Amino acid sequence: RITATPVASIRDVEHKARLLREANAAAEPLRLVADALTGAGLRAAGQSTKKQNAIFVELESGVWADETNNDTSVLDRYAADIQTGRPAGKEPRRPLHWPLIFPEVFSDTRDPGFDAVIGNPAFLGGKKISGTLGDDYLAWLATWDGHGVKGHADLAARFVLRATGLLNGQGQLGYVTTNTLVEGDTLEVGLLQVERAGWWVQRGTSSHPWPSSSASLSIIEIWLGRTRGAAPPVLDDEPVPNLGVDLQPYLTETGRPERLTENDDTAFIGSYVLGLGFTLDADAAQDMIAADPRNADVLMPYIIGADLNRRPDTSAGRWVINFFDWPLDRAEHYERPLEQVRRLVKPERDRKKREVHKRLWWQYADRRVALYETVECMSHVLVTSRVSDLVIPARVPTGQVFAERLVVFASEGFADLAVLSSSMHQVWVMRYTSTMGTTLMYAPSDVFVTWPRPGSTAALTGLGKQLDTERRELMLGRSLGLTKLYNQVHDPSVTDPAIARLREIHEQIDYAMLDAYGWTDLKLDIGHHPTKIGIRWTVSPQARYELLDRLLIENHRRAATQRS
């Protein structure tokens, strides 16, 4: 049904439209200045301080020229820079200037800014931002919002930084976002800066799946405020003593762990081969050796994370061609191995962006020279998977190539096997490394180099040897890899005596660790307890808080000692 509009209403609408046009016209000079400032910021981001100052001084002169002579030429040129770094095929950039859109929030008030920001910000991996949004845009984020703190941070961290800049002195922030916000570089760039600026976590929800089958994503919820609330913070609907910006509860010690020089040159990431054509099965390797015994010089077992976690003997399932750092003319003495690499690897390398990968196509992309030089005189090393829901090392022989998805500890000692198999190591890793769902992404630079290890003791040596011997017998006898074996250890319904015996060894290791640290007053309450990666045979949550507190205090003590 069509209803006639009263004349008075039409006149009212026309009046309001005229006022809006006048307001827009009045705001246009301000909008041009704001656009020019944005363009200048994009141009200056990433430049030296001297060049940045020169750009903004020139912009200031342009503003005065516009004000006095109505000459917008300088401003127009800077405003055009908004589009300069935009990737091809992307939508034109359209800046939103908050003080112009909301003058009552940012200008006409003694405490500028919003009372609250609530949302579900965009997320995009840090290494993808420049390709998607432009190098200049990423430089802007890192320089102006990120205060120059470096790291491949997810875009979600940039939304946190921007939001906290838009909030007033009593502002509150609530985000539903990717779990990477509280991990690794994204944590360093985003929330840790916010924490140093005086923000507090009031409430949080640990990593959990996005509640829809349409997306495979782990998310967290986090509530932040400029002032600390009177009530204790809440994690997963339960009050906790204190809550860090990484959504981990703690007792008293604050701050992040520092690098300890005592842990240098001990934990290494394996070789980044870059080319499936380097690998071959055992029969093919033996055929090459039978054809020319010299080929044994460049053929080695190749152990990957799946071998370590799934094979009962933790042995390598494949072999790999390894020309070390040799020049091509030396590699050419090994005809069949080089022919395979030339045929299967070189075409793939030719398509890579990095020139060194194209030029040295017969060598690994990253050989990890320091790793192999360090373990050269060792018969065994300790190895764990970099991407796994286990924090369990195994003792394996040297003389093989370790894949990039492995962490290799340059130690063959049984005491170190016990130390790295302890709940103390496990809780430290779960606190300070990143996760993908319930999978840990073990980063030696984040967790091992900061971990204050105890000294070796006779008890730890004996228990490490016992763990290695009895676990190996169990795995071989039942054809179980580490993953399947520890799935039973962590399953409360499994009462098998052999599994119970393995739990007992781990419990003895944990109490031997307390003796080594001198923390015999601490009650561990070892059993099946919930953790961020599922139910685990480990210490109780309360003991975990206490352990993390003491370990962080010890890290800070040792770091202070090495500085003095």
>> Show me, for segment 350-357, the HN-Hα J-couplings you get by feeding each phi into the Karplus relation (A = 6.51, B = -1.76, C = 1.60, θ = phi - 60°), rounded to Hz, glycine and proline as x.
In response: 4, 8, 7, 6, 6, 4, 5, 5
>> As a test of the formula, what do you get for the chain when each DSSP H run with n ≥ 4 contributes -39,500 (n - 2.57) and the sum is divided by the residue count, at 222 nm and rounded to the nearest 500 deg cm²/dmol?
In response: -13000 deg cm²/dmol
> Taking amide H positions as placed 1.01 Å from N in the peptide plane, with prolines and chain starts having none, which residues 5 or more places from Ser411, or on another chain, fall under 5 Å of its amide H?
Replying inline: Leu382
>> Run the paramagnetic zone check for Leu251: 7 angstrom along Cα to Cβ, then residues of segment 547-562 with backbone nitrogen under 11 Å.
In response: 547-553
> Given a Förster radius of 30 Å and the C-beta distance between Ala306 and Arg330 as r, what FRET efficiency does 1/(1 + (r/R0)^6) yield to the nearest 0.05?
Replying inline: 0.40
>> Give me the one-decimal nm value for the distance between modelled label points at Thr261 and Met378, 7 Å along each residue's Cα-to-Cβ direction.
In response: 2.2
> Measuring from a point 7 Å past the Cα of Asp521 along Cα-to-C-beta, which residues in segment 544-564 have an amide N at less than 17 Å?
Replying inline: 544-554
>> Under 8 Å for C-alpha pairs, at least 6 residues apart: give me the relative contact order for segment 207-283, rounded to a whole percent.
In response: 12
>> If I take every Cα pair under 8 Å that is 6 or more residues apart in the chain, average their sequence separation and divide by the length, what percent do I get for the relative contact order?
In response: 11
> At a Förster distance of 56 Å, what's the computed FRET efficiency of Met441 paired with Ser73, Cβ-Cβ distance as r, to 0.05?
Replying inline: 0.60
>> Need the list of lysines near Lys465 for cross-linking: C-alpha distance under 26 angstrom, and skip anything on the same chain fewer than eight residues off.
In response: Lys484, Lys523
> To the nearest 10 Å², what's Arg86's accessible area with a 1.4 Å probe?
Replying inline: 80
> Excluding same-chain residues fewer than 8 positions from Lys352, which aspartates and glutamates have a Cα within less than 18 Å of its Cα?
Replying inline: Asp366
> Simple spin-label model, 7 Å along Cα-to-Cβ: Lys50 to Leu30 in nm?
Replying inline: 3.8
> Expressed as a whole number of Å, what is the distance separating the alpha-carbon centroids of segment 161-209 and segment 391-451?
Replying inline: 28
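Pairs to check: Lys128/Lys532; Lys51/Lys128; Lys51/Lys150. Give those whose C-alpha atoms are more than 22 Å from each other in this structure. It would help to have the intermediate numbers written out before the result.
Numbers: Lys128/Lys532 27 Å; Lys51/Lys128 27 Å; Lys51/Lys150 20 Å.
The answer is Lys128/Lys532; Lys51/Lys128.
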> By accessible area of protein heavy atoms, probe 1.4 Å, what ranking do Trp319, Trp428 get, highest first?
Replying inline: Trp319, Trp428
>> Using a 7 Å offset from Cα along Cα-Cβ at Arg472, what residues in segment 289-308 end up with backbone N under 17 Å from the label point?
In response: 308
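Based on the alpha-carbon gyration tensor of segment 23-149 and its eigenvalue square roots a ≥ b ≥ c, which shape applies: rounded if a/c is under 1.5, prolate if not and a/b is larger than b/c, or oblate?
Details: a/c = 1.62, a/b = 1.14, b/c = 1.41.
Oblate, because a/c is 1.5 or more while a/b does not exceed b/c.
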> Asp281 versus Ala370, label points 7 Å from Cα toward the beta carbon: distance in nm?
Replying inline: 3.8
> Which label marks the calculated value of semi-axes √(5λ) of the Cα gyration tensor in Å, given the options (i) 53, 34, 22; (ii) 36, 27, 23; (iii) 49, 25, 22?
Replying inline: (i)
>> What do you get for the angle between helix 497-517 and the principal long axis of the chain? Use alpha-carbon atoms, 0 to 90 degrees, nearest ten.
In response: 70
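About the Cα centre of segment 45-96, how large is the charge dipole given +1 on each Lys and Arg Cβ and -1 on each Asp and Glu Cβ? Please answer in debye to the nearest 20.
On the way: 7 positive and 8 negative charges, 90 e Å.
It comes to approximately 440 debye.
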> If you place +1 on the Cβ of every Lys and Arg and -1 on the Cβ of every Asp and Glu, how big does the dipole about the Cα centre of segment 52-162 come out, in debye to the nearest 20?
Replying inline: 740
> Between Met300 and residues 5 or more places away or on another chain, which pairs have amide H atoms under 5 Å apart, with H built 1.01 Å from N, and which residues are they?
Replying inline: Val320, Asn322
>> If I take R0 = 45 Å and measure r between the Cβ atoms of Ala296 and Ala65 in this structure, what FRET efficiency does the formula 1/(1 + (r/R0)^6) give, to the nearest 0.05?
In response: 0.05
> Can you give the charge dipole size of the chain about its Cα centre, rounded to the nearest 20 debye, using +1 on the beta carbon of Lys and Arg and -1 on the beta carbon of Asp and Glu?
Replying inline: 880
>> Just want to confirm a number: the relative contact order over segment 351-468, from Cα pairs under 8 angstrom separated by 6+ residues, in percent.
In response: 25
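Within the chain, what whole-number % of the accessible surface is contributed by carbon and sulfur, with the 1.4 Å probe and all protein chains included in the calculation?
Working: 15010 of 28220 Å².
So the carbon and sulfur contribution to the accessible surface is 53 percent.
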>> Below 13 angstrom from the Cβ of Gly134, what's the summed charge of the other residues (Lys, Arg +1; Asp, Glu -1)?
In response: +1
> Amide H of Tyr250: which non-local residues (sequence gap of 5 or more, or other chain) have their own amide H closer than 5 Å, using H built in the peptide plane?
Replying inline: Asn242, Leu243, Gly244
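The values are calculated or read from the model by the stated rules, or taken from the named source; none is laboratory data. Model, not experiment: these values are computed from the prediction. Cβ atoms come from the backbone with ideal geometry, glycine included; neighbour counts cover every protein chain shown. These accessible areas exclude ligands, DNA and RNA; they are computed on the full protein's heavy atoms, side chains included. Shrake-Rupley method; radii C 1.70, N 1.55, O 1.52, S 1.80 Å.
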